[in-house]
Amino acid sequence: MSIISNNLKKIKPSPTIAVTQKARELKAAGKDVIGLGAGEPDFDTPENIKEAAIKAIKDGDTKYTAVDGTPALKKAIVDKFKRENNLDYDLDQITVGAGGKHVIYNAMMATLNEGDEVIVPAPYWVSYPDMVLLAGGTPIILECNEKQGFKVSPSELEKVITPKTKWIILNSPSNPTGACYSESDIRELSKVLTKHSHVYILSDDIYEHVIYEGFKFFTIAQINELKDRVLTMNGVSKAYSMTGWRIGYAAGPKEIVKAIAKIQSQSTTNPSSISQAAAVEALNGKQDFIKERAKSFQERRDFVVKALNEIDGIECLNPDGAFYVFPSCKGLIGKKDLNGNVLNNDSDFVKFLLENSGVAVVQGSAFGLEGFFRISYATSMENLKKALEKISSFCKSLS
Ligand SMILES: Cc1ncc(COP(=O)(O)O)c(C=O)c1O
């Protein structure tokens, strides 16, 4: 009999964290490695936010708080939704967890029964299907190819909804593709979703502030007919460069929010009191640096997309947001590297790129779409220039 639970056997460790770890190990062994695998901004947490955390420590804000977040943080979140999304919520419609990932996990644990289906559009963030599986649900993968901009088409959505569908997970801007749903994209999907009143929508808005060129962010809870069935997840990790602080939150139906708090009360209790104080400052304090940072991400995107499209065998769309691109490497499959290794698929491409050229990226199949790879350009322009030169030489060396 195995000590490990059967439930755990259904899932795999996060492949994106695995790539970052592999790159770290190669670096520690003295290899020249550029990691383009990490999903976090390379900018530092702003000073005013750090100061708020130091003040919280000095003021003795170091004890348990309400399980699902301090009143001050919930109020800051209510204000954020009003200010940025024109959405009205009461305090008891807000829950705070140890990162957006934790909030989504809790939401799945709180709502899924064995056999419940969750529609997960692919390419997807690596954790969605595994969280659904852990909670006893069945992920229904809905493939969205590059011709549709990696976005869900309303007619295809209609086809995969069944009486067992409990959730659809939408993520815009998207990890791993950077694809963004415009207001009209969302209105089209909403026409389908309003017809199926048993389906709830989990909107993962974590990259809301990483958007470019006047793209106007719109979130599905802004559709009045659907708002009662939408759980909107967001957090401070990406917008405020606070990945290590572990604060994420959600707003939505009271019943779900209460159920999430129940799980949290028997598992993690509250997220760190100090991080919560810092998150209050993040949401209530100055916001001007967010646009400046998005501008510098846009410059990097422009450079990366252009450089990739100059490489024979690689094709890359120009996404509106997040700090990822998801180029196709289909034109290189079947070729051999200088050691005679055949690139049979995207995983081989990624493996041999790392071994030959020291550039770490993640294979598209990890996100549910074969023939692609993900680059995170949340690193310096200097690193990106070096990395793109190496990718280009690697691709040219294939025969
Ligand atoms: C699409 C998406 N959702 C949610 C998260 C969770 O972020 P966090 O747990 O740091 O708030 C991430 C982090 O990489 C992400 O890429």
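The values are calculated or read from the model by the stated rules, or taken from the named source; none is laboratory data. Computed from a prediction, not measured in an experiment: that's the story for all the values here. No Cβ is skipped: glycine too gets one built from the backbone with ideal geometry, and neighbour counts run over all protein chains shown. What goes into the accessible areas is simple: the full protein's heavy atoms, side chains included, and nothing from ligands, DNA or RNA. Shrake-Rupley method; radii C 1.70, N 1.55, O 1.52, S 1.80 Å.
Centroid-to-centroid, using Cα positions, the range 1-64 and the range 103-140 are 22 Å apart.
Each Lys and Arg adds +1 at its Cβ and each Asp and Glu adds -1 at its Cβ; summed about the Cα centre, the range 122-209 shows a dipole of about 380 debye. The trypsin sites (Lys or Arg not before Pro) found in the range 113-206 that occupy coil by DSSP, while having at most 14 further C-beta atoms within 10 Å, are LYS164.
Over the chain, what number does the Rg to Rh ratio reach, with both radii from the alpha-carbon atoms and Rh per Kirkwood? Please list the in-between numbers first.
Numbers: Rg = 21.1 Å, Rh = 21.9 Å.
Value, to two decimals: 0.97.
For the range 26-106, trypsin sites (Lys or Arg not before Pro) are listed when DSSP marks them as loop and at most 15 other Cβ atoms sit within 10 Å of their Cβ; the list is LYS31, LYS63. Each Lys and Arg contributes +1 and each Asp and Glu -1, all at the Cβ; summed about the Cα centre of the chain, the dipole is approximately 540 debye.
Over the chain, calculate the relative contact order: mean separation of alpha carbon pairs under 8 Å at least 6 apart, over the residue count, as a percent.
22
Between the listed residues VAL118, SER155, LEU91, the Cα displaced farthest toward the positive end of the dipole of the range 49-207, a dipole computed from Cβ unit charges relative to the Cα centre, is found at LEU91. Separation of the range 235-249 from the range 309-337 is 29 Å, based on Cα centroids. Quick one: angle between helix 273-284 and the longest Cα principal axis of the chain, in degrees between 0 and 90, rounded to 10, please. So the inclination is approximately 80 degrees. Per residue, the accessible area of the range 77-171 comes to 37 Å² when a 1.4 Å probe rolls over the protein heavy atoms. Between LYS63 and ASP312, the contour length at 0.36 nm per residue exceeds the Cα-Cα span by 83.9 nm.
Return the calculated 222 nm mean residue ellipticity for the chain, to the nearest 500 deg cm²/dmol, obtained by summing -39500 (n - 2.57) across DSSP H runs with n ≥ 4 and dividing by the residue count. Write down the numbers at each step before the final one.
Working: 13 runs with 160 residues, N = 399.
Mean residue ellipticity at 222 nm (helix-derived): -12500 deg cm²/dmol.
Considering only DSSP states other than H, G, I, E and B, which GluC sites (Glu not before Pro) in the range 299-343 qualify as loop sites with at most 16 other Cβ atoms within 10 Å? Here the GluC sites (Glu not before Pro) that fit, given the DSSP loop and packing criteria, are GLU310.
Assign unit charges at the C-beta atoms only (+1 for Lys and Arg, -1 for Asp and Glu), then state the dipole size of the range 49-106 relative to its Cα centre in Debye, rounded to the nearest 20. All intermediate terms of the calculation are to be shown ahead of the outcome.
Numbers: 10 positive and 9 negative charges, 50 e Å.
Magnitude of the dipole: close to 240 debye.
Between 0 and 90 degrees, the angle of helix 183-195 with respect to the longest Cα principal axis of the chain falls at about 60 degrees.
Computed from Cα positions, the angle between helix 346-357 and the longest principal axis of the chain comes to roughly 70 degrees. Here ASN6 and GLN148 are evaluated by their C-beta separation; at R0 = 25 Å the FRET efficiency comes out at 0.10. Modelled this way, with points 7 Å down the Cα-to-C-beta line, the labels at SER399 and SER267 are 5.4 nm from one another. The residues of the range 291-332 have, on average, 45 Å² of accessible surface per residue, using a 1.4 Å probe with all protein chains present.
Between their Cα atoms, which of LYS31/LYS238; LYS22/LYS386; LYS254/LYS295; LYS238/LYS335 are more than 27 Å away from each other?
Numbers: LYS31/LYS238 29 Å; LYS22/LYS386 19 Å; LYS254/LYS295 37 Å; LYS238/LYS335 37 Å.
Over 27 Å Cα-Cα: LYS31/LYS238; LYS254/LYS295; LYS238/LYS335.
If a spin label sat at a point 7 angstrom from the Cα of SER296 along the line to its beta carbon, the backbone N atoms of the range 245-263 nearer than 20 Å would be those of 245.
Ignoring ligands, DNA and RNA, please state the percent of accessible area on the chain from carbon and sulfur, probe 1.4 Å. Mind dumping the intermediate values first?
On the way: 9100 of 17550 Å².
Solvent-exposed carbon and sulfur of the chain make up 52 percent of the total.
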